[in-house]
Amino acid sequence: MNLRWFLYYCAAWGAFGGLVGWIVSLSVLMDKPVLQEAFKGMGLGLVLAIILVLVDRAFNGFSWTVVPAVFVGAFVGGLGGFVGGMIAQIIYGSTQWNLSLVFGWTLTGLLIGASPGMFELLARLARNQDTTGAFKKVRNGLMGGTIGGMLGGGFFLAVGYGWKRWLGIDATGLWSPTAIGFVILGACIGLLIGLVQVIFKDAWIKVESGFRAGRELILSRPEIIIGRAEGCDIALFGDQGVDKLHARIVTRDGGYYVEDIGSGGGTSVNGYGVIGLTRLNDGDLIEIGRSSLRFSAQGRTK
Amino acid sequence: MVVSCPRCSRINPAHAVFCYHDGTSLGVTIAPHASPAQQRFPMPFVFPSGKTCHTFDELVLACNSEWRDARDLLRDGAFGYFLNGVGRADLARVAMQARNSADRDGALNELLRRMPSTVLKAAKVTVSPASVNLGQVVPGKDVLIELTLHNEGMGLLSGSVVSLTDWLFLGQPNAPDSKKLFQFLHETTIPFHIPAKRLRASSRPFEGQLLVETQGSQVAVPVTFSVPIRPFPDGVLAGARTPREIAEKAKEKPTEAGEAFASGAVQRWYAVNGWDYPVREAPASGVAAVQQFFEALGLTKPPKVVVNRRELFLSGRPGEQVAATVQLCTEEKKPVWVAVTSNADWLDIREVDYDKRTATVHLGASRVPARSGQLLEAQVTLTTNGRVRYGVTVRLDVSGGAIQLPFANASSSENAFTALEIEPEASGTVNRGINIPRPPLEVPAPRKHRVRDDSVNGERGVSTPLWAVPDASGSDRADSVAPLEGKAEPVVSSSFLSRFVVALIPLALVMIGLIVPLVRDWVMFSQVKGNAGLTTTPSEDLSKYPDALVLQMDDTDKLGFVSPTGNIKPPEGNQPDPHAYDVTIPASMRFGLTLFADNRKLTFERNGISNNCVILVDNNSYIFGDSGWRKKDRENAVGRDMILPGRWLTMSAPYDKPGIRFGRRSVWLCDTANNVKVTQTVGLTPGTQSRAFDTCRIHYRIENGDEKPHRVGLRFLLDTYIGENDGVPFLIPGQKELCSTFMNFDDTKKIPDFIQACERADLNNPGTVAQIGFRLEEANIEPPDRVTLSAYPNPALNDHRDRSSWLPLVAGSPFMQEKTKWAFPLAPIHTLDSGDSAVTVYWDPRELNPGESREVGFTYGLGRVSSSGGSLALTVGGSFVPNGEFTLTAYVSDPNPGAKLQLVLPQGFSRVEGDEIVSVPPLPADGSTRISPVTWKIRSGPREGAFDLKVKMGATEQTQPVQIKQPRVFSG
């Protein structure tokens, strides 16, 4: 999928995640308000994190790592929601300020935002690999989650205020303000996590011809594998001119390079065959088999 | 006798003057006229030319003039033998060593320098010319110059010449050098040159320098010249003197300028001026050439260009002519240029057509080579905007072999790329005469014609040719192959629809999911609304809501009458005084409360006209909403008009705030002299425990709109009335008895959160319970500074003589009922026989700066008393949130002496004030009441929920339920 579809799916599925999170929260009934809201936040964070990780994987390509990524993301999102909800209720319960409510949502969003990229960061740390790309993803997710949480909390208050104003009654006990607020919160977090990733992308690849032409992949990892195998980051199925592991794009010293990793058909950039590491510039066309990929970069990588 | 050298200690002959070994003076006195230089040799030295030297001076002069002979003599050892013979073994040794020296000139020079001579002058260089001015130089040819060095001294002159300029080189053009060494006796010539490629036209002259360095001296030789700029000779670019001017002129008339670029005139102009032409490729034509030039200068960013094909398949018979085209285009509004090269001599690059954003390269073979059956391959390199290069592989199948191609002639540019039907050879290689090992040719699988389905959002990918009209054959697409048979499947719409449907799934799920809570809340709302939809319209059946209040405003002008005592009464009410006169009483926006169920009053007047709100501004009292009255019939006037300075800014406007119904807002300007504005908002709000609209919220906002500060305070006089009782006693939390006289809370901290009044002093049937709350939830609303409970300021009190129990004593006639000013004495409630109670709430004056405001408020409504009959009743008031504090008041009717109450709290609750077991205070001696109150201040637990507070009095037990609820961050 291309970047715009990625943003749309992030927002739409984030909204759905918020709705499911609200449904989960309905079942949480505890005497202690702090624990109740903490578990509600956990439910929201858990569901949102799972959905956002799945959307991220759908964009960047499914592989066997999707299962642990979902688990790690769910853990981080659930923990973030729990902590955020707990702190929010403690502060809001003692002050009853609307600002503290928005703060609580912001905190929840912040911690949920880290979930999509957390697995990759942890995996790279464990393998002692370069974590620059993964760290950027988590950072971008944190920013998106913070803004999304802030906006979502604001909408949550606004919807509640609107119900009170239009209905003229105290909205306590109503379902829809919370449901709508959660949906908007989820949509905001999802959209902004995706938006931040799109805005702050350094470089990306767009498949111009070949399997699923039109999809785009942000080059957020130090190495991107291109080939016909299932686990490839850019899979070019159905093209016999593409080897199972055909080429890779690596990041070195702030630049992006393509390398042919022993394919039969070769890899070319702008019509010229690749020998060793070939630096990629903005607008270069990479041809593999009968497929072509366009490399684009922001200014600092030129 | 021998002489020992003082330096080397070697032995010398007695006649030696200088040491034979190291030349050190042996201290032998020499005749003054006989300097070593002029001392005659024992035997003369004779040169081959016949020149005879008798002294060292003569020898030096002769060596200098006959250098070559001297050098030969040195080589032959003649000098060595001679000097040895004259007793100069030191010099002889030098001469002998010099024989073997490779540099005999240098050795001779060294020998001469060591000789004791008074005539040997040090070598000194002079240069001619001393400076070089070449004047105007034309680029294109090397400039050759010579520098002559002269030795003005004697001996050998050696040194170096160095160029201090990067365009000035020593030596000849074929062997340039930046430094040259020299060694000469009398004169030498040093050549230097300026390469042609360094001769670039410039507006400033060139200045350089050569540096001649010899032993102990330096001479700098300046070199100057100029290369004048030749302006562009003709055309639209005529007169341009710099590339930037060329660019500016070309920008003005790009089409005409393009011809100059295409013809190479600009390139020639560059060469004439000695400049490097920035465009390295073959020039384009037209505007494309201008674009090419601009890109080369970095004046414009090159557009992204795509090429429509990367492979060309041609076929033809030997001698035939075949042709094809390749197109390049860009989406940006910039011209495309292209330079084409080929690595095959059989492939001709014919021409390139430029059309704004498109460039079409025509290529082909003018004569197909005679290599029947062979597949020739050529690589065409397209260099386009930004010097981006694309490679296009051109394969020419020379027919006449076993391979039959389905298309006979590929000369048509439209027939660019169609499916191939080729039988691959079993060997996997293609034997075409020229053995080009390659994998078997594959039949490209026919692809479905596909239009980019992300055109949903209007996006077009760069791989889509802009000029392409997506037709069924897809022949204009670089990456599509027309199907071998049949029409292209109409996959456009189904792909788009499926993607659209998939994209809508999450949205649909969300919408469906939200329907449930919305429907549920709507149903709930329709039930709740009935409770909230209270109106003053009698026709509405609200009998099922007995606890609702009705808020009535004094919002219309009325006719009234003024009695001689100054009392103002509306037409209804008391009997009119025969001496009274009619007046028009304007609307005052005072308010009164009644119970909707049975119309019982909570204020003396239903519309509250016996209440008043006074604003004190700099010790002047202004009554809110009171602009005085006007006599109806002036002829019958007894009194006088009383026109007060206040006026309405907004008399009555709806007031909508969450949780407030029937709200009304009024804005009163106290006086144009002080510009103090007061905004009153009143409305019904749900009680904290009952959740019914049984409480009136009264709020005032006082603003100083003046340009100077004012001291402003506010005082509200509430004429309480419950049911049929105008003089109800007050139940005050914390007080041991009811207040039936007067009470003065003159400290904010002492003011309770609320006070109550029961209609009847019968806990079994207390009747209506009114409750006045003094602390609103909002932090910006000030609590009162003082609260008084006393008799209503009835004018009849002015005539009351016994004022000893009043507090304080105020001179004059301060009791003016609804006209009462700020301060009035506190008289006991039952001063007048009928008893008339009032609650007065004070917010003391404080300074308000210009633009500053203060907010005050309180509540008045129904209270709740829990009583299951009998002698014990409970009521609560305060904050009902976890860890909040509230007051529990127990009312004991006709308590027995020594009666005690025991408070039983739920788990987690704690007492803040009051003991667990409290003695019930005895009843007052005057018998004014039969109820004795006991109050506790309690802190709720950390949990929320429904809890029961219990109070036991002997066998009697009363329970007061409380709902502790904390607002939720996630659920409101």
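Per residue, the convex hull spanned by the Cα atoms of region A:101-218 measures out at 138 cubic angstrom. Ignoring solvent entirely, what values of log10 I(q)/I(0) come out of the Debye formula for region B:240-314 at 0.11, 0.12, 0.19, 0.22 Å⁻¹ when each Cα is a single scatterer? Relative scattering, expressed as log10 I(q)/I(0), comes to -0.31, -0.36, -0.76, -0.96. As a length-normalised measure over Cα pairs under 8 Å and 6 or more apart, the relative contact order of region B:6-92 settles at 28 percent.
When N counts the residues of chain A, how does its alpha-carbon radius of gyration compare numerically with 2.2 N^0.38 Å, as a ratio?
Numbers: Rg = 21.8 Å, N = 302, 2.2 N^0.38 = 19.3 Å.
The reported ratio for this selection is 1.13.
In plain terms, the residue of B:Tyr81, B:Tyr622, B:Tyr270, B:Tyr792 with the fewest other Cβ atoms within 10 Å comes first and the most crowded comes last, giving B:Tyr81, B:Tyr270, B:Tyr622, B:Tyr792.
Would you please put B:249-260, B:202-213 in order of how densely packed they are, using the mean number of other Cβ atoms within 10 angstrom per residue and starting with the highest?
On the way: B:249-260: 18.3, B:202-213: 15.5.
With the highest mean Cβ count within 10 Å placed first, the list reads B:249-260, B:202-213.
Simple point charges give the picture: +1 on the Cβ of Lys and Arg, -1 on the Cβ of Asp and Glu, and for region B:214-276 a dipole about the Cα centre of about 120 debye. Sites listed here are trypsin sites (Lys or Arg not before Pro) in region B:123-226 whose DSSP assignment is loop and whose Cβ has at most 13 other Cβ atoms within 10 Å: B:Lys141.
Past 26 Å, Cα to Cα, is the threshold; run B:Lys900/B:Lys965; A:Lys32/B:Lys952; B:Lys601/B:Lys952; B:Lys124/B:Lys180; B:Lys124/B:Lys179 against it and keep the listed order.
Details: B:Lys900/B:Lys965 31 Å; A:Lys32/B:Lys952 29 Å; B:Lys601/B:Lys952 33 Å; B:Lys124/B:Lys180 18 Å; B:Lys124/B:Lys179 20 Å.
Pairs exceeding the cut-off: B:Lys900/B:Lys965; A:Lys32/B:Lys952; B:Lys601/B:Lys952.
Using label points projected 7 Å from each Cα along Cα→Cβ, tell me how many nm separate B:Ser131 and B:Asp276, to one decimal. About 3.2 nm separates the two model spin labels.
Diffusion coefficient of region A:1-107 by Stokes-Einstein, Kirkwood radius over Cα pairs, 4 °C, 1.567 mPa s: 90 µm²/s.
What does the convex hull of the alpha-carbon atoms of region B:171-248 project to on average, in nm²? Quarter of the Cα hull surface area: 7.6 nm².
Based on Cα contacts under 8 Å between residues 6+ apart, chain A shows a relative contact order of 17 percent.
Relative to the longest principal Cα axis of chain A, at what angle does helix A:66-95 sit, 0 to 90 degrees, rounded to 10? Once rounded, one gets 30 degrees.
Taken about its Cα centre, region B:99-223 carries a charge dipole of about 100 debye when Lys and Arg each add +1 at the Cβ and Asp and Glu each add -1 at the Cβ. The modelled label-to-label distance between B:Arg317 and B:Glu152, using points 7 Å beyond Cα along the C-beta direction, is 9.1 nm. As a rough footprinting exposure proxy, the listed residues B:Cys613, B:Cys758 were ranked by other beta carbons within 10 Å of their own, and the order from fewest upward is B:Cys613, B:Cys758.
Taking chain A as the reference, fit the longest principal axis to its C-alpha atoms, fit the long axis of helix A:33-60 to the helix C-alpha atoms, and give the angle between the two in degrees, 0 to 90, nearest 10. With both axes taken from Cα atoms, the answer is about 20 degrees. The order of B:Asp554, A:Asp253, B:Asp22, going from fewest to most other C-beta atoms within 10 Å of their C-beta, is A:Asp253, B:Asp22, B:Asp554.
Since every read-out is calculated from the coordinates, none of them should be taken as a lab result. From a predicted model like this one, the values you see are computed outputs, not experimental measurements. Every residue, glycine as well, gets a Cβ built from its backbone with ideal geometry; the counts of neighbours run over all protein chains shown.
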